[in-house]
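The values are calculated or read from the model by the stated rules, or taken from the named source; none is laboratory data. Note that the structure is a prediction, hence the values are computed from the model and not measured. Cβ placement follows ideal geometry from the backbone for every residue including glycine, while neighbour counts extend to all protein chains displayed.
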Amino acid sequence: MLSLEEEKEITKKVVEGDAKAREKLIRSNLRLVVSIAKQYVHRGLSFLDLIEEGNIGLIRAVQGFDPTTGFKFSTYATWWIKQAIRRALTDKAKTVRIPSYMLEKISRLKTTSTDLLDRLERPPNLSEIAKEMDITAKKVESIERAIRSTGSLNSTGVTGSDLIWALSSILPDKKTPTPEDELEETYERETLEKLLDIIDQREATVIKLRYGLADGEPKTLEEIGKLLHLSRERIRQIEKETIQKLHYIQTKEK
């Protein structure tokens, strides 16, 4: 991987049309593609196909990156790589025909899973989904087999988060974020992390834990309360007050 200074210099040359710099930037980030591709194995495409799709995303990132934004190229490239892989997996899933009656069941399963995710603040397990849908575990498994036939699920060790991801692949939301939307969200996250450095440590800790900024695993209000020895309601108040404070600081800086 390139150092930050090397990256700045090379991306500047890429914008100026330097072909050698472009190739160097691509080569320097091939490991990033492999690392991301590993996260999507057993979902319908071979590992080599995943890498190939990821490379397409990397090339698009190289073509569109603007070094004057002040953000790292790897941050920009990561979203393009993931987007390219996800789209390829979604296209693969769509090529497998699922009977209309089963699509209705899958649609209901997606709605139930999403509702439980919001309510529990974590991916639901299969038994929780079955109970909520008022059907047997065997019926949930039959729907799961239909989803697996698309290649969107691994054959073993299915988790609630795996299931929700697969459901989204087969039945995507009506408003799917564009790569630009996701990149804007990433940039906002980096801006947020910078703002957290200038506020009260406890407030920053609550936000980092709540939104998974530290380890990528968002925690519930109850979990944060136990860690900080505060009530669930107090954590909710701190979160709300801190978000208002961060919004004020950001608006003031603009």
If we ask which residues in region 68-93 are free of Cβ contacts under 8 Å to residues at least 60 places away in the same chain and touching a Ser or Thr at 6+ places or on another chain (Cβ under 7 Å), their number turns out to be 0
Can you find a residue in region 36-54 that is loosely packed, with under 13 Cβ neighbours inside 10 Å and of a type in the set (D, E, K, R)? yes
The lone condition ALA21 fails out of (1) of a type outside the set (Val, Ile, Thr); (2) touching a Lys or Arg at 6+ places or on another chain (Cβ under 9 Å); (3) at pLDDT 80 or above; (4) over 18 Å from ILE10 (Cβ atoms) is (4)
Only one of (1) in contact with a Pro (Cβ under 6 Å, 6 or more places away or on another chain); (2) at pLDDT 85 or above does not apply to VAL206, and that is (1)
Taking region 122-146 and the residues there that are part of a helix (DSSP H, G or I) and among the polar types (S, T, N, Q), the one that is surrounded by the most Cβ atoms within 10 Å (Cβ to Cβ) would be SER142
Given (1) part of a helix (DSSP H, G or I); (2) at pLDDT below 90; (3) among the hydrophobic types (A, V, I, L, M, F, W, C), VAL96 misses just (1)
Subset of region 172-203, residues surrounded by fewer than 12 Cβ atoms within 10 Å (Cβ to Cβ), assigned to a helix (DSSP H, G or I), modelled with pLDDT of 70 or more and not basic (Lys, Arg), comes to GLN201
Of the residues in region 201-243, those that are touching a Lys or Arg at 6+ places or on another chain (Cβ under 8 Å), touching a residue at least 40 places away in the same chain (Cβ under 8 Å) and over 20 Å from ARG122 (Cβ atoms) come to GLU203
* Do we have PHE73 as more than 30 Å from ARG145 (Cα to Cα), in contact with an Asp or Glu (Cβ under 6 Å, 6 or more places away or on another chain) and surrounded by 14 or more Cβ atoms within 10 Å (Cβ to Cβ) here? -> yes
